[in-house]
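Some notes on the structure that comes next.
The values are calculated or read from the model by the stated rules, or taken from the named source; none is laboratory data. Quick caveat, the model's predicted, so the values are computed rather than measured. Note that we place each Cβ from the backbone using ideal geometry, even for glycine, and neighbour counts take in every protein chain shown.
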């Protein structure tokens, strides 16, 4: 078994600092914000800093079985995982909210921050093992 070289250790250190240091230095999360929009409409996401003790969220607005609305932003932890009815243009939608506690974790639908970090970690390990 060979010992890791300096370049491999440096890669691991950079990855660790890239993934974990920002959340250790700041009390407030940086999240993406977008107002409630119809799913087919797009808007450029805005970076926002959440107030203390708030988390990033992604919201999904449903009309029956159809996912019709989306939103992103910050919300109090106690309000996460709740479902609210909202009226928009005369239609009542069921908005469900899911929260996450990492910077920019509400970036894209269908991909959680954990799965992104896990993929980056696996890729880094693969590169390191491949270079042995």
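Results for (1) farther than 13 Å from residue 54 by Cα; (2) at pLDDT below 95; (3) in a loop (DSSP other than H, G, I, E, B), shown as yes or no for each residue.
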site: 75; (1), (2), (3): no, no, no
site: 78; (1), (2), (3): no, yes, no
site: 81; (1), (2), (3): yes, yes, yes
site: 84; (1), (2), (3): yes, yes, no
site: 93; (1), (2), (3): yes, no, no
site: 99; (1), (2), (3): no, no, no
site: 110; (1), (2), (3): yes, yes, yes
#### Entry: Residue ID - farthest from the chain's Cα centre (by Cα), chosen from residues in the range 6-54 that are buried (at least 16 other Cβ atoms within 10 Å of the Cβ), at pLDDT below 90 and farther than 13 Å from residue 103 by Cα
8
### Message
Tell me the residue from 90, 73, 61 that is loosely packed, with under 13 Cβ neighbours inside 10 Å, out of contact with any helix residue (DSSP H, G or I) (no Cβ under 7 Å at 6 or more places or on another chain) and free of Cβ contacts under 8 Å to residues at least 60 places away in the same chain, please.
### Response
90
### Task
Among residues belonging to the range 55-73 that are assigned to a strand (DSSP E or B) and over 17 Å from the mean Cα position of the chain (by Cα), point out the one that is farthest from residue 107 (Cα to Cα).
63
